[in-house]
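Nothing in this text is a laboratory measurement; each read-out follows from the coordinates by a stated rule. Note that the coordinates shown come from a computational prediction; the quantities given were computed from them, not determined experimentally. So basically every Cβ, Gly included, is an ideal-geometry build from the backbone, and we count neighbours across all protein chains shown.
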Amino acid sequence: MKPEFHNSSPEPELFEKTQRVYGLLKDFYGIPEWRKPLPPIDELISTILSQNTNDINRDVAFHRLKEKFPSWESVRDAAEDEVIEAIRPAGLANQKGPRMQAILRQITEERGTLDLDFLKGKNRSEAHQWFSRFNGVGPKTAAIVLQFSLDIPAFPVDTHIYRVTGRVGLRPEKMNVEKTHAWMERLFLPEQYGPGHLNIIRLGREICHPRNPECERCPVNALCDFYQDINAQATNQSSNLKYKPQ
Ligand code: SF4
């Protein structure tokens with residue numbers, strides 16, 4: 001089954017290429033397991049904490065917050081410096097703490113509760129729209145909550161996914177991160193969003209490093225534009241050397 005393409009549809013060849021990349025990564029890494037889903041408000045806070053840090057620091061900060069405060073209502077109503085202190089391991093605590101509290105207050109004012117389960121009945125675009133009102137909740141954060149907590153298919157694009165998809169040639173080179181979310185949602189099938197997202201991140205962390213990617217051992221190198229370009233350049237250089245006029 002092919003996805004329903006809307007505006008600015010990717011070409012069918014690109015869809016086929018994406019499907020082959022997905023299959024190669026599935027063969028190489030398997031179907032990844034996501035940890036036990038968190039309630040949507042927990043996933044939202046955890047994802048905000050994850051901004052500009054790694055998973056370990058995010059988890060330490062998240063657990064400190066849960067240990068110190070018995071509920072999200074108490075985080076919302078706490079003194080700012082107490083929240084900042086609890087989440088310090090996640091970095092940027094002076095920004096993240098007040099921002100999280102502002103979001104918790106805004107949700108309470110609007111909904112009268114911090115329960116976000118009402119979003120489960122919405123479609124992807126409505127749920128995205130709802131999250132976009134909060135300062136500090138961008139498309140990646142919203143997509144993570146949708147995909148991994150609300151069971152609404154969405155494709156989060158982080159720095160690894162943006163880099164790998166650019167190198168492989170799954171998106172136009174100059175497409176920005178925001179637009180890449182919707183683009184990936186057209187190229188992958190909804191049931192592939194979670195495993196595709198997690199396997200591409202793993203490839204980016206373990207093999208397709210920002211510097212010195214290990215292309216020779218990469219499972220998708222036969223399909224990768226970056227790798228093909230490097231090989232073509234190397235071939236040109238060696239034939240130039242070979243036929244250099246004396
Ligand atoms: S072949 Fe190289 S550049 Fe392409 S995805 Fe693999 S590691 Fe990254």
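Step through the table entries 17/140; 122/174; 68/96; 96/122; 36/66; 36/96, compare each Cα-Cα distance with 20 Å, and write down the pairs that go over it.
17/140; 122/174; 96/122; 36/96
Taking neighbour counts of Cβ atoms within 10 Å as a proxy for exposure, in what order, fewest first, do 119, 104 appear?
Ranked by crowding around the Cβ, least crowded first: 119, 104.
Against the longest alpha carbon principal axis of the chain, how many degrees, from 0 to 90 and to the nearest 10, is the axis of helix 55-68 turned?
Approximately 10 degrees, to the nearest ten.
Please report the net charge: other residues with Cβ closer than 13 Å to the Cβ of residue 54, K and R +1, D and E -1.
Around residue 54, the charge tally is -1.
Gap in Å between the Cα centre of region 53-87 and the Cα centre of region 169-211?
30 Å
For a footprinting-style exposure proxy, rank 82, 191, 43 by other Cβ within 10 Å, fewest first.
Sorted ascending by nearby Cβ count, the order is 191, 82, 43.
Express the relative contact order of region 28-151 as a whole percentage, based on alpha carbon pairs under 8 Å and six or more residues apart in sequence.
32 percent
From the helices alone, meaning DSSP H stretches of at least four residues, give me the mean residue ellipticity at 222 nm for the chain, per-run term -39500 (n - 2.57), in deg cm²/dmol to the nearest 500.
Only helices count here, giving -18000 deg cm²/dmol.
Quick one: net charge of residue 75's neighbours, Cβ under 14 Å, K/R +1, D/E -1?
With Lys, Arg at +1 and Asp, Glu at -1, the net is -1.
Please give me the summed charge of the neighbours of residue 210: other residues whose Cβ is under 11 Å from its Cβ, Lys and Arg +1, Asp and Glu -1.
+4
What is the order of 105, 167, fewest Cβ neighbours within 10 Å to most?
105, 167
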